[in-house]
Amino acid sequence: LCEVVAPSSIPRAPGQRIKTDRRDALLLARMARAGELAVVRVPDEVDEAVRDLVRAREDAVREQRNGRHRLKALLLRNGTPYSGKSSWTAAHLRWLSGIKLPHSAQQIAFQEYLHMITEATARIARLEQALREALPEWHLAPVVQALQALRGVQLIAAITLVAELQDFLRFESPRQLMAYVGLVPGEHSSGPKRRQGSITEAGNGAVRRMLVEVAWHYQAGPRVSPIIAKRHDGLPTAITDIAWKAQTRLNSKFKRLLVRRVMKTKAVVAVARELAGFVWAIGREVQTSGWRGAADITPAQAVAP
C-alpha cells in the first residue's frame, strides 16, 4: 500500500533547521502512526485529462474577462463609454464595430483588444464542445448528470465540480468538503472569546468560484422550471428530493440573511457554503448507490444546457 501526502500539509516545527532523509522518514512514520497525515487522492489518467480540459476552459474565460476589462478601460480613457444597459450583448457588439478613435495608434490598440476577446470567446466555445464530447466516455458522467438536478448547475458547472472533486467518498461529512474548498470562516478564538473572520479561501479555488456563481440563483423562490424538470428526467427520486430540499433551504437562508441586513455578497458566500453540502450529498448518493445514469449519454444529449 502506497499513500501520497502533500508536502505542504506536513506539520514542521518553526525552529527545525536540519533536514535529512533519515529525519524525514522518522517524522513521516511517527505522523502516519498518529494519523496526522492527510492522504491525497491521485486521479487516474482519464480524470486528470478531463480536469486539464476544464482548467484550460477556465484560463480562456479568465483571458476573455481580462480582455474585456482592458477594452472598456481604453474606451473610458478616450471618453467613449457605452450608454446601453448591458455589455457584450448583440447591441453592444454592434456598437463596438462602429467605433472609430481619433488616432490610428489608438484604433490599432482597440482592434487588437477586440480581436483578443473574439479569439478567447471562440476558444471557450471549442473547449466547451470538447467537454461535451468527452463526457459520454467518462466514468463520472452519472455524477455530472445527477448534479444538474440542482438549480443553477448546468452542464459546464457540473463538469467543473466533478472534475475538480472527483471522489466524493473521501469526504466523510459535508463540513469537510466546505473546508476543502475554503468556504468556512477563519477563526481566532481563545478562552471565552470567539472571533470569526472572512472565509479561509483555502483549497480548491475553482470549485469555490463555481459554487459562489451558482449560489446567486437561489435568490428566486423555489420552483421547478421546465428546464430543470427536463434535467430531472430519469434521475432517482433520492437525487431530485435533495435538489428540491436545496432550493427551499437555500432560498430561505438567503431571505433570512437579507432581512438581517447582511451584505448580499456575504449572503451569497453563506449560501454557497451550504450548497457545497448538497453537492456532497448528491455525489455520495450516486457513488454509493452505483447508479450508472438514466441512459447512455450521447453527444447529442450532452450538447443540451
Burial-style ranking of 5-18, 253-266, average other-beta-carbon count within 10 Å with highest first, yields 253-266, 5-18
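Kindly provide the helix-only [θ] at 222 nm of the chain, computed as the sum of -39,500 (n - 2.57) over DSSP H runs of four or more divided by all residues, to the nearest 500 deg cm²/dmol?
Details: 12 runs with 183 residues, N = 305.
Mean residue ellipticity, 222 nm, calculated: -19500 deg cm²/dmol.
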Carbon and sulfur atoms account, in whole percent of the 1.4 Å probe accessible area of the chain, for 54
Computed over the chain, protein heavy atoms only, probe 1.4 angstrom, the accessible area per residue in square angstrom equals 59
From the Cα centre of the stretch 1-58 to that of the stretch 123-200, the distance in Å is 21
Links exceeding 32 Å between C-alpha atoms in this model, out of LYS100/LYS266; LYS245/LYS266; LYS72/LYS264, come to LYS100/LYS266
Contour minus Cα-Cα span, THR237 to ALA105, at 0.36 nm per residue, comes to 41.4 nm
Counting only DSSP loop positions in the stretch 1-107, the GluC sites (Glu not before Pro) whose Cβ has at most 14 other Cβ atoms within 10 Å are GLU3, GLU36
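Roughly how many debye, to the nearest 20, is the charge dipole of the stretch 166-206 about its Cα centre, given +1 on each Lys and Arg Cβ, -1 on each Asp and Glu Cβ, and no other charges?
On the way: 5 positive and 4 negative charges, 53 e Å.
With Lys and Arg at +1 and Asp and Glu at -1, about 260 debye.
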Checking rank on 117-128, 225-236, with mean other Cβ inside 10 Å and highest first, the result is 117-128, 225-236
Taking 0.36 nm per residue of separation between ARG55 and ARG195 and subtracting their Cα-Cα distance, the length gained on full extension comes to 46.9 nm
Per residue, the convex hull enclosing the Cα atoms of the chain spans a volume in Å³ of 229
PRE zone check, label point 7 Å out along Cα-to-Cβ of LEU76, amide N under 14 Å, scope the stretch 227-271, hits none
Quick calc, ALA6 & ALA229: beta-carbon distance into FRET formula, R0 30 Å, rounding 0.05, result 0.10
In this structure, the FRET efficiency calculated for LYS245 and ASN66 from their beta-carbon separation, with R0 = 41 Å, to the nearest 0.05, is 0.60
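If we sort 183-190, 97-104 on the protection proxy, mean other Cβ atoms within 10 Å, highest first, what's the order?
Details: 183-190: 13.1, 97-104: 9.6.
Averaged packing, sorted descending, gives the order 183-190, 97-104.
The values are calculated or read from the model by the stated rules, or taken from the named source; none is laboratory data. Note that the structure is predicted; figures quoted are calculated from it, not measured. Note: ideal-geometry Cβ built from the backbone for every residue, glycine included; neighbour counts use all protein chains shown. Side chains are part of the model used for accessible areas, which takes the heavy atoms of the whole protein and leaves out ligands, DNA and RNA. Shrake-Rupley method; radii C 1.70, N 1.55, O 1.52, S 1.80 Å.
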